[in-house]
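Written below as structure tokens is the structure these notes are about.
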Amino acid sequence: MTVSTDAQEADGGPMKGAYVMDTLRGEVGEVVGQSGHDLRLRLPAGGREWDCPADAVRKVTAREHLAARTALANARSRGDVCR
């Protein structure tokens, strides 16, 4: 289960498990960690992780959050989740 879309750490950054929009790639990613000033992101259904500068992410909209959760549910139903 993921945390809410507005989950923030004490310093204002997104918490592990939160969905954010990578504005450079135009994709929703799940925060899986941090590497220096970059966030480590992964598609909600899993796959290869990537780094994104923390200042290049924004909160996801309700619609984007729903689409990401739907993609994850669909991938799970097909057995395609890569974690």
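Numbers at a glance
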item	result
A75 being within 10 Å of the chain's Cα centre (by Cα) and crowded, with 17+ Cβ neighbours inside 10 Å	no
Matching residues, region 56-73, being of a type outside the set (V, I, T) and without any contact (Cβ under 8 Å) to a residue 12 or more places away in the chain	R63, L66, A73
Matching entry among A75, A45, A62, A68 (being small (G, A, S) and at pLDDT 95 or above)	A62
Selection count, region 33-51, where residues are of a type in the set (G, A, S), in contact with an Asp or Glu (Cβ under 9 Å, 6 or more places away or on another chain) and either surrounded by 15 or more Cβ atoms within 10 Å (Cβ to Cβ) or within 21 Å of L66 (Cβ to Cβ) (or both)	2
Residue selected from region 20-32 under the condition under 15 Å from A45 (Cα atoms) and out of contact with any Lys or Arg (no Cβ under 8 Å at 6 or more places or on another chain), by the criterion surrounded by the fewest Cβ atoms within 10 Å (Cβ to Cβ)	E27
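The values are calculated or read from the model by the stated rules, or taken from the named source; none is laboratory data. This one's a predicted model, so the numbers in the text were calculated from it and none came from an experiment. Heads up, the Cβs are rebuilt from the backbone with ideal geometry, glycines too, and the neighbour counts pull from every protein chain shown.
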